[in-house]
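Presented below is the structure to which this report refers.
Laboratory data are not the source of any read-out in this text; all were calculated from the coordinates shown. What you see is a predicted model; the values in this text were computed from it and never measured. As a convention, Cβ positions derive from the backbone with ideal geometry for all residues, glycine included, and neighbour counts pool all protein chains shown.
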Amino acid sequence: MNIHEYQAKQLFGRFNIATPKGAPAETPEEAERIAAGFNTSKLVVKAQIHAGGRGKGTFDTGFKGGVKLCSTPAEARELAEKMLGHTLVTHQTGPAGKTVRKVLVAESVDIAREVYFAILMDRSTGSPVVVASTEGGVEIEKVAEEHPDKIIRELVHPLLGFQPFQALKLARQLDFKRDQLKAASKLFCNVFKLFVSLDCSLVEINPLVVTPEGVVYALDAKFNFDDNALYRHKDILEMRDIQEEDPREVEASRFGLNYIGLEGDIACLVNGAGLAMATMDIIKYAGGEPANFLDVGGGASEEQVTEAFKILVADKNVKAILVNIFGGIMRCDVIAQGIINAVKAVSLPVPLVVRLEGTNVDLGKKLLQDSRLPIQAATDLSEAAKLVVAAAKKV
Amino acid sequence: MSILVDSNTRLLVQGITGSSGAFHARGCMEYGTNVVAGVTPGKGGQLFDGKVPVFDTVYEARQQTGCNATMIFVPAPFAGDAILEAVDAGVELVVCITEGIPVMDMMRVKTALTGKKSRLIGPNCPGIITPGQCKIGIMPGYIHKPGKIGVISRSGTLTYEAVWQLTQRGFGQSTCIGIGGDPINGTSHLDAVKLFSEDPGTKALIIIGEIGGTAEEEAAVWIKGHYDKPVAAFIAGATAPPGRRMGHAGAIVSGGKGTAAGKMEALREAGIAIADTPATMGETLIKNLRH
């Protein structure tokens, strides 16, 4: 789950992590009011969408830039007017862009120095790890590639947590001095508190800045939350902005389906995450491009299968569908009935290849046959992949 | 021969009166697993299906039945505690099927396991089976056949796929172990490979991995130096979009590892035969057996 920049700022506030003052506005008037409250001539107005590259983005009106500096509340109001309700296209949004529904109005700060600071869960050690670098403000992947020696790693004990001495050590490695040293260490400790308290899998602050006056601020942040733990963070769940998500994924999550939309034209419906990934792989191996990842899970109901199928059929890019089921807990007859119900409800606009194996496979195959629907049956996985790729190419 | 479970296994089921716990406890019993006890707090004293005694705590179940393995079907918010309870009671093998346990919970549980004699398999796994002897988990029993090939996998249905390919070609399995798909788990690929290497009854291995982490690479390095029987592998997720499962900085920490291509390279380097597609996992190993 992703959150907006203004929401990240709210979380920083809750954990005493220093960040420039700012608040979200939904109308130009609100933007002006917020700006007036800061009593400064250094302001910034930032479009709030779940995508990077906002500064270099372009609005549908031709207005350039989703991040703009200004010096008066009246200017903040004007900028907000040009952003709110308009569509912003950046290199991460795709050509359709995203509608800006909120802007963040904040104090802008001068920057003397930028560093990188992140905490994430390290799988191989089963503990949190802090990753930092003096090279802030740029993509960390680039730093890792060009200057691997400039990446600092500090492992955190799973039960003891992040210790003050570790914060100090990191602050020194990042070249903080005198008064900044304490401020930076305190900020690091508070970020770790936030990381654990909110069940994050990643908190990335890039950049963490030092102003010419020597004040240390977390300027921009990216959060990833552990989906498994969201049940105990109702406040974080409330930050979810469904309008920012792929509508296909939102629809799927309503029915408890694990769906990720992709760019290809062959849809697949599979039980189990590993087999779903492997099915995408074999489609590609056979010369096709998967349109999605869809795991209906181990114990899906007939209704879930029907809904899953509807989501696949609704995707206009899809030219063929592959259903690949290895029934363990999942019974093949349940899958078959779900497909039949779905096809009857929405009709079948594209070729359908079905490969069933496992529990109640004969019953499932018979149901499909008796339905007289135009379904191509495959006996194994590689035949299924070949059939579906051939079908998609014919369309 | 086999690893970890066989006809001497005495199984406890934690969460035996819940709907999936009950369903799969029955599935294991039908397969022939010796289910000796169940645990559901507050239901101690009852009999499950008229024959399996239910206890309030794992401690009591262990004391009174001598169970040496447990299968956990406790809901995710309470599953970490259920694992710790089984470890505290001294149960040797803890198989946690539960999906969706918070990573922070597993981080603490895993740390608490250090130095204990219990082994954890999972969580979020299909379980472990020694064909013809003992099934602990949710896999369909009939696709398996007793034999000499060990199977190690992070995924459920993809494991069934590999097992079925072997069985259809007449090759049975010594033990099949699903280590689970979560980022932090009790038994790694490497742990499982080491266990199989000590089993004279296992003559070859299939390893099924997927993108993320470095567990497959670590197993590969060990295999290169210590294991000379045939091994075949498949890595799922070559076409998965980057960044959807791993965070931004994840790629840094693993130093470019974690991709399907990187894992296949590491496995190949160790002399392991790589299946190009999930349809050829069984065939890839069998070809290697003949050489």
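What list of ³J(HN,Hα) couplings, whole Hz, do you get for region A:104-114 from phi and the Karplus terms 6.51, -1.76, 1.60, once you set θ to phi - 60° and write x for glycine and proline?
Ordered by residue, 3J(HN,Hα) equals 9, 9, 9, 5, 9, 10, 7, 10, 9, 7, 10 Hz.
Quick one: among A:Ala51, A:Ala221, A:Ala300, which has the greatest mean-square fluctuation in a GNM of chain A with alpha-carbon springs under 10 angstrom?
Largest GNM mean-square fluctuation: A:Ala300.
Going by amide H atoms built from the backbone, whose H comes under 5 Å of the H on B:Leu93, apart from near neighbours?
Answer set, sorted by chain and number: B:Ala69, B:Thr70, B:Arg119.
Counting alpha carbon pairs within less than 8 Å and at least 6 residues apart, what relative contact order, in whole percent, applies to chain A? Present the calculation step by step, with values, prior to reporting the outcome.
Working: 806 pairs, mean separation 45.4, N = 395.
Reported relative contact order: 11 percent.
For B:Leu195, A:Leu322, what ranking results if the residue with the fewest other Cβ atoms within 10 Å of its Cβ goes first?
Values: B:Leu195 19, A:Leu322 32.
Neighbour counts put them in this order, fewest first: B:Leu195, A:Leu322.
Chain A: Rg/Rh from Cα coordinates, Kirkwood Rh?
Using Cα coordinates only, the ratio equals 1.06.
Amide H neighbours of A:Leu202 under 5 Å, counting only residues 5+ apart in sequence or on other chains, H built in-plane at 1.01 Å?
Answer set, sorted by chain and number: A:Asn224.
Can you bin the protein assembly as shown into rounded, prolate or oblate? Criterion: square roots of the alpha carbon gyration tensor eigenvalues sorted a ≥ b ≥ c, rounded for a/c under 1.5, prolate for a/b above b/c, oblate for the rest. Working shown, then result.
Details: a/c = 1.90, a/b = 1.46, b/c = 1.31.
Verdict is prolate for the protein assembly as shown.
Taking the Cα atoms only, what angle lies between the long axis of helix B:76-88 and the longest principal axis of chain B, rounded to 10 degrees?
Relative to chain B, helix B:76-88 is tipped by roughly 80 degrees.
With axes computed from alpha carbons, what is the tilt in degrees of helix B:281-290 against the longest principal axis of chain B, rounded to the nearest 10 within 0 to 90?
With both axes taken from Cα atoms, the answer is about 70 degrees.
Give the aspartates and glutamates reachable from A:Lys393 as a straight Cα distance under 18 Å; neighbours fewer than 8 places away on the same chain don't count.
A:Glu263, A:Asp265, A:Asp281, A:Glu289, A:Asp315, A:Glu383
Any of A:Lys142/A:Lys386; A:Lys64/A:Lys234; A:Lys284/A:Lys310; A:Lys169/B:Lys263; B:Lys110/B:Lys263; A:Lys21/A:Lys150 with alpha carbons more than 29 Å apart? Name them for me.
Details: A:Lys142/A:Lys386 39 Å; A:Lys64/A:Lys234 37 Å; A:Lys284/A:Lys310 23 Å; A:Lys169/B:Lys263 34 Å; B:Lys110/B:Lys263 25 Å; A:Lys21/A:Lys150 31 Å.
Too far apart for the 29 Å limit: A:Lys142/A:Lys386; A:Lys64/A:Lys234; A:Lys169/B:Lys263; A:Lys21/A:Lys150.
Express in whole angstrom the spacing between the alpha-carbon centres of region A:104-127 and region A:247-311.
Between the Cα centres of region A:104-127 and region A:247-311 lies a distance of 34 Å.
Need one word for region A:216-266: rounded, prolate or oblate. Basis is the Cα gyration tensor (sqrt eigenvalues a ≥ b ≥ c); a/c below 1.5 gives rounded, then a/b vs b/c decides. Please report the intermediate quantities before stating the final value.
Details: a/c = 2.49, a/b = 1.53, b/c = 1.63.
Note, shape of region A:216-266 comes out oblate.
Can you tell me the relative contact order of region B:150-243? Whole percent, Cα pairs under 8 Å, sequence separation 6 or more.
Dividing the mean separation by the residue count of region B:150-243 yields 32 percent.
Magnitude of the Cβ-charge dipole of chain B, K/R +1 and D/E -1, about the Cα centre, nearest 20 debye?
Working: 26 positive and 25 negative charges, 90 e Å.
Using Cβ point charges on Lys, Arg, Asp and Glu, chain B gives about 440 debye.
Please find the FRET efficiency linking A:Leu230 to B:Asp81, where r is the Cβ-Cβ separation and R0 is fixed at 22 Å, and quote it to the nearest 0.05. Please report the intermediate quantities before stating the final value.
Values: r = 19 Å, r/R0 = 0.87.
Given R0 = 22 Å and the Cβ-Cβ separation, E is 0.70.
Hey, can you rank A:135-141, B:153-159, A:342-348 by average C-beta count inside 10 Å, highest first? Please report the intermediate quantities before stating the final value.
Values: A:135-141: 17.0, B:153-159: 29.6, A:342-348: 14.9.
Averaged packing, sorted descending, gives the order B:153-159, A:135-141, A:342-348.
Once the Cα gyration tensor of region A:69-163 is diagonalised, what are the square roots of 5 times its eigenvalues, in whole Å and ordered largest first, as equivalent ellipsoid semi-axes? Please list the in-between numbers first.
Numbers: eigenvalues 263, 63, 50 Å².
After diagonalising the Cα gyration tensor, the semi-axes are 36, 18, 16 Å.
Among DSSP beta bridges whose residues both lie in the protein assembly as shown, state the antiparallel percentage, nearest 5. Walk me through the intermediate numbers first.
Numbers: 58 of 111 bridges.
Bridges in the protein assembly as shown that DSSP calls antiparallel: roughly 50 percent.
Once the Cα atoms of chain B are picked out, what are the Rg and Dmax in Å?
Answer for chain B, Rg first and Dmax second: 18.7, 58 Å.
What order do you get for B:Val36, A:Val334 when you list them from fewest to most C-beta neighbours inside 10 Å? Walk me through the numbers before you get to the answer.
On the way: B:Val36 19, A:Val334 23.
With the fewest neighbours first, B:Val36, A:Val334 line up as B:Val36, A:Val334.
Running a GNM on chain B with Cα contacts under 10 Å, which residue among B:Lys116, B:Lys203, B:Lys148 ends up with the highest mean-square fluctuation?
Looking only at B:Lys116, B:Lys203, B:Lys148, the largest GNM fluctuation is found for B:Lys116.
In degrees from 0 to 90, rounded to the nearest 10, what is the angle of the helix B:19-31 Cα long axis to the longest principal axis of chain B?
Between helix and principal axis, roughly 80 degrees.
Once the Cβ-Cβ distance between A:Glu383 and A:Ser197 is put in as r, and R0 is 51 Å, what FRET efficiency do you end up with, to the nearest 0.05?
Computed FRET efficiency for A:Glu383 and A:Ser197 comes out at 0.50.
Name the long-range amide H neighbours of B:Gly201: under 5 Å, sequence gap of 5 or more, or other chain; modelled H, no Pro or chain starts.
Those lying under 5 Å, H to H, from B:Gly201 are B:Ser2.
Rounded to whole Hz and in sequence order, give me ³J(HN,Hα) for region A:124-134 from the Karplus expression 6.51 cos²θ - 1.76 cosθ + 1.60, θ = phi - 60°, writing x for Gly and Pro.
The phi angles translate into 5, 9, x, 8, x, 9, 9, 10, 9, 7, 6 Hz.
Relative contact order of chain B, please, whole-number percent, based on alpha carbon pairs below 8 angstrom and at least 6 residues apart. Could the numbers behind the result be given before it?
On the way: 644 pairs, mean separation 42.2, N = 291.
It rounds to 15 percent for chain B.
Determine the shielding of peptide A:225-232 by partner chains: average, over its residues, the number of Cβ atoms on other chains within 10 angstrom of each Cβ.
On the way: counts 0, 7, 3, 12, 8, 1, 4, 3.
The per-residue average across the peptide is 5.
Would you mind giving the mean number of other chain beta-carbons within 10 Å of the Cβ of each residue in B:96-106, as a whole number?
5
Among DSSP bridges having both ends in chain A, what percentage is antiparallel? Round to the nearest 5.
Details: 49 of 66 bridges.
Just about 75 percent of them are antiparallel.
What FRET efficiency comes out for A:Lys394 versus A:His91 if R0 is 41 angstrom and r is the Cβ-Cβ distance? Round to the nearest 0.05.
Values: r = 34 Å, r/R0 = 0.84.
Efficiency, from the Cβ-Cβ distance: 0.75.
Please identify, among A:Gln166, A:Gln48, A:Gln369, the residue showing maximal mean-square fluctuation in a Gaussian network model of chain A using a 10 angstrom Cα cutoff.
A:Gln369
Within straight cross-link reach of B:Lys145, meaning Cα distance under 20 Å, which lysines are found once same-chain residues fewer than 8 apart are removed?
The qualifying lysines are B:Lys135, B:Lys203, B:Lys287.
Quick one: 3J(HN,Hα) in Hz for region B:263-275, Karplus 6.51/-1.76/1.60 with θ = phi - 60°, rounded, Gly and Pro as x.
For region B:263-275, the Karplus-derived couplings read 5, 4, 4, 4, 5, 4, 3, 8, x, 8, 7, 9, 7 Hz, x marking Gly and Pro.
Show that you can apply the helix-only estimate: for chain A, add -39,500 (n - 2.57) for every DSSP H stretch of four or more residues, divide by all residues, and state [θ] at 222 nm to the nearest 500. Write out the running numbers ahead of the final one.
On the way: 13 runs with 147 residues, N = 395.
Rounded to the nearest 500, the figure is -11500 deg cm²/dmol.
Multiplying the sequence separation of A:Glu213 and A:Ala314 by 0.36 nm and subtracting their Cα-Cα distance, what value in nm do you get? Display every interim value, and only then the final one.
Values: separation 101, 0.36 × 101 = 36.36 nm, distance 5.59 nm.
This chain segment gains 30.8 nm when fully extended.
How do B:Thr259, B:Thr98, A:Thr40 line up, fewest other C-beta atoms within 10 Å first? List each step's numbers first, then the result.
On the way: B:Thr259 19, B:Thr98 26, A:Thr40 13.
Starting with the residue having the fewest Cβ neighbours, the order is A:Thr40, B:Thr259, B:Thr98.
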